[in-house]
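The values are calculated or read from the model by the stated rules, or taken from the named source; none is laboratory data. Quick caveat, the model's predicted, so the values are computed rather than measured. All Cβ positions, even for glycine, are placed from backbone atoms using ideal geometry, and neighbour counts span all protein chains on display. Each accessible area value is taken on the protein alone, full model and side chains, heavy atoms only, with ligands, DNA and RNA left out. Shrake-Rupley method; radii C 1.70, N 1.55, O 1.52, S 1.80 Å.
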Amino acid sequence: MIQQGTLERVLNAAISTGGDFAEIFVEDKTISNMNMVGGVLEKAVSGRDFGIGIRILNRNFCIYAYTNDFSEENLIRVAKAAAQGIFGQKQDIVIDLRKSLIENPHDMKIIPNSIGKSEKVEWLRRAHYAAKENDSVIEQTHMSYNESIQNVLIANTEGILVEDIRSLNRLALMAVAAEGTDKETGIISPGYFGGLEHIKNLDIESHAREAARSAKTILNASFAPSGKFPVIIDNAFGGVIFHEACGHGLEATCVADNASVFSGKLGEYVASPLVSAFDDGTILNSWGSINIDDEGMKSQRNMLIKDGVLKGYLIDKLGSRKMGMAPTGSGRRESYKFSPTSRMTNTFIAAGNSTPEEIISNTEYAIYAKYMDGGSVNTATGEYNFNISEGYIVRDGKIAEAIKGATLIGDGMSTLKNIDMVGNNLELGIGMCGSKSGVIPVTVGQPMIRVSELTVGGR
């Protein structure tokens, strides 16, 4: 993207006033999005973003600037302007960029933009008909397809010079069930890091029918009871509670500033002995995977909790300076407009030994969350509330009537400690995560778990 000599001269300009580290992040990204409502294509948008971010560190102090003009003259001007935020003398730093080849183990046989828009529109149309024809109660459908190809280059004063290509593609299939004035939605959103062969081979109709089934089930459900109950949370996107209420609290962004309940608790029990948890950016073709983070470090599998004991945090470069700990390949950002911070990739509770059937049959009475919805969390305290989108009552060891309108209320650490059964059916669910460095793709996950007691808001 940019000649190596230019990169070296810009880095030298960035540390000209005493900075002890500088980094250049170059991004060239193409996107394509389509939205279909009721079987009619309403919007198709394509675009390209290009820009360069320059970061300068001096001990724990950070300056960040970005530009769209990649001429050497402008880049040096921006670097020198940013460097004015540091008052000192240029340090004796020799910049010796060594280009590294990045291995991409993820399947990427079909480049997303190698397939025409008409085929992608047909995927959405197939999903529409499958959902609409599933039941007469399905009043409307909203189907969308999103793809992006992000080319990045990262260079820094420590000699890192790497390039990577990141391809993401995703469907969002939503069905709306209606009866009178009541309306409920069901949504399924498969997505992948890699080539389009995964969506081409997907049973799109099956996913669309599942969205329709869920919408109809919620429409016909009774309102949930309120109180304190055992709660069974199913696998895949059920892991959103761990991601939000615990994962963010394990990021250096919070831990380094002692703004997390997990600060200073390495080696302590923070969860049930049944719980082990990881953040693993190396899972093949998983939505949250990366080859390298946005600081040029190779992605890795990070153990967070082992048998209930806190083992590690997610640490970016600036966080590593503040904490005196090694970075973990967790520096991520939405685009060149953001300085990287510590972020999650694929974060999940590991599989246990119980089958889902054993968990259900060993439960006298509980709330069962089959699908989770959104919620809110205080990352400093881990206190959260999340909505159950599709839920049921478990009675006498069997899944009974459907319920809706249930909200789970608790705090992350207490919830982890109250997990008394962990299933063997680990699955991942995909989403987007917003934080200080923007909105990035992440995967959450868990097997089915049972929490001995949680506060449930209902009616």
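With Cα atoms as the point set, the radius of gyration and Dmax of region 67-208 evaluate to 23.7, 74 Å. For the residue pairs LYS200/LYS436; LYS370/LYS436; LYS90/LYS317; LYS29/LYS200; LYS90/LYS322; LYS29/LYS117, alpha carbon separations beyond 25 Å are given by LYS200/LYS436; LYS370/LYS436. Sorting 243-254, 88-99 by their mean Cβ neighbour count within 10 Å, with the most densely packed peptide first, gives 243-254, 88-99. Against the longest principal axis of the chain, how steep is helix 204-219, in degrees 0 to 90 to the nearest 10, with axes from Cα atoms? Roughly 60 degrees between the two axes.
For region 7-59, the solvent-accessible area with a 1.4 angstrom probe is 36 square angstrom per residue. Each of LYS311 and MET432 was given a label point 7 Å from its Cα along the Cα-to-Cβ line. The distance between the two points is 3.3 nm.
Peptide packing: for 175-187, 317-329, the average count of neighbouring Cβ atoms within 10 Å per residue gives the ranking 317-329, 175-187, highest mean first. On full extension, the segment bounded by ILE399 and ASP257 gains 46.7 nm, given 0.36 nm per residue less the C-alpha separation. Sorted from greatest to least, the principal axis extents spanned by the alpha carbons of region 28-93 come out as 63, 28, 17 Å.
Would you kindly work out the equivalent ellipsoid of the chain from its C-alpha gyration tensor and give its semi-axes, the square roots of five times the eigenvalues, largest first in whole Å?
Equivalent-ellipsoid dimensions as semi-axes: 41, 29, 17 Å.
Rounded to the nearest whole angstrom, the semi-axes of the ellipsoid equivalent to region 287-412, taken from the Cα gyration tensor as √(5λ), stand at 36, 17, 14, largest first.
Of the GluC sites (Glu not before Pro) found in region 355-459, those in coil by DSSP whose Cβ has at most 13 other Cβ atoms within 10 Å are GLU364.
For ASP96 and THR355, what does the FRET efficiency come to when R0 = 60 Å and r is the distance between their Cβ atoms, rounded to the nearest 0.05?
Rounded to the nearest 0.05, the efficiency is 0.60.
Volume per residue for region 81-159 equals 223 cubic angstrom (convex hull of Cα atoms). Only protein atoms count toward the accessible area here, which uses a 1.4 Å probe; on the chain, the carbon and sulfur part of that area reaches 48 percent.
Couplings 3J(HN,Hα) for region 81-92, derived from phi with the Karplus relation 6.51 cos²θ - 1.76 cosθ + 1.60 (θ = phi - 60°), are 5, 5, 5, 5, x, 10, 10, x, 10, 4, 7, 7 Hz, where x marks Gly and Pro. Cross-link partners for LYS120 among the aspartates and glutamates, with Cα-Cα distance under 16 Å and sequence neighbours closer than 8 places in the same chain left out: GLU42, GLU147, GLU197, ASP203, GLU205.
A Förster radius of 56 Å combined with the Cβ-Cβ distance from MET325 to GLU364 puts the calculated FRET efficiency at roughly 0.80.
Mean sequence separation of contacting Cα pairs (under 8 Å, at least six apart), scaled by the length of the chain, corresponds to a relative contact order of 16 percent.
Among the GluC sites (Glu not before Pro) found in region 91-132, those both in a DSSP coil and sparsely packed, with 11 or fewer other Cβ atoms within 10 Å of their Cβ, are GLU103. Taking amide H positions as modeled 1.01 Å from N, with prolines and chain starts lacking one, the residues under 5 Å from GLU295 and 5 or more places away or on another chain are GLY331.
Taking θ as phi - 60°, what are the ³J(HN,Hα) couplings along region 268-284 by the Karplus curve (6.51, -1.76, 1.60), each to the nearest whole Hz, with x for Gly and Pro? 3J(HN,Hα) across region 268-284, in whole Hz: 9, 6, 10, 8, 4, x, 7, 9, 10, 9, 9, 10, 10, x, 9, 5, 4.
What region 332-394 shows is 37 Å² of accessible area per residue, with the surface traced by a 1.4 Å probe over protein heavy atoms.
Summed over qualifying helices (DSSP H, 4 residues or more, each -39500 (n - 2.57)) and divided by its residue number, the chain shows a 222 nm mean residue ellipticity of -5000 deg cm²/dmol.
Quick check for you: with a 1.4 Å probe and neighbouring chains kept, what is the accessible area per residue of region 236-277, in Å²? Dividing the accessible area of region 236-277 by its residue count gives 32 Å².
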